[in-house]
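Here the structure is laid out as structure tokens; the discussion comes afterwards.
The values are calculated or read from the model by the stated rules, or taken from the named source; none is laboratory data. What you see is a predicted model, and the numbers here were worked out from it, not measured in a lab. Note that we place each Cβ from the backbone using ideal geometry, even for glycine, and neighbour counts take in every protein chain shown. SASA here: full protein model, heavy atoms, side chains in, ligands and nucleic acids out. Shrake-Rupley method; radii C 1.70, N 1.55, O 1.52, S 1.80 Å.
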Amino acid sequence: MPSITYIQPNGKALTINAPVGQSLMQSAVDGGVEGILGTCGGGCSCGTCHVQIADEWMGRVGRAHCMEKEVLALVDYLAPNSRLSCQIRMTDDLDGLVVSVPGD
Ligand code: FES
């Protein structure tokens, strides 16, 4: 099962194994990652699943799509590598992915 490492707002890393096809948001919520709420349940409308992708992974994860960009425009800590984690599905190719959860 592929793994994701979340760098939480408190600076602590949390690595979670996630089934292929599951969203990063759901993995984070299930795993108790600090700062990921997933309030809209993955509907791409709340922005409470904002993550920043480590630079070396941007090529594989890809950039936000049109509707996702509209929601991202409303979040704090917006950066060029920002994504909504509910819009990223785990694949074997993303095994070892590192993302940061922005926040204080
Ligand atoms: S869970 Fe609401 S936008 Fe991702």
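Tabulated data
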| item | result |
| --- | --- |
| Mean ellipticity per residue at 222 nm, deg cm²/dmol - from DSSP H runs of n ≥ 4 across the chain, formula -39500 (n - 2.57) | -4500 deg cm²/dmol |
| Net charge dipole size for the chain [Lys, Arg +1 and Asp, Glu -1 on Cβ; Debye, nearest 20] | 120 debye |
| Accessible carbon and sulfur surface of the chain relative to its total accessible area, %, 1.4 Å | 50 percent |
| Whether the chain is rounded, prolate or oblate, judged on the alpha carbon gyration tensor where a/c under 1.5 counts as rounded | rounded |
| By accessible area with a 1.4 Å probe, ligands and nucleic acids excluded, highest first: order of ARG63, ARG89 | ARG63, ARG89 |
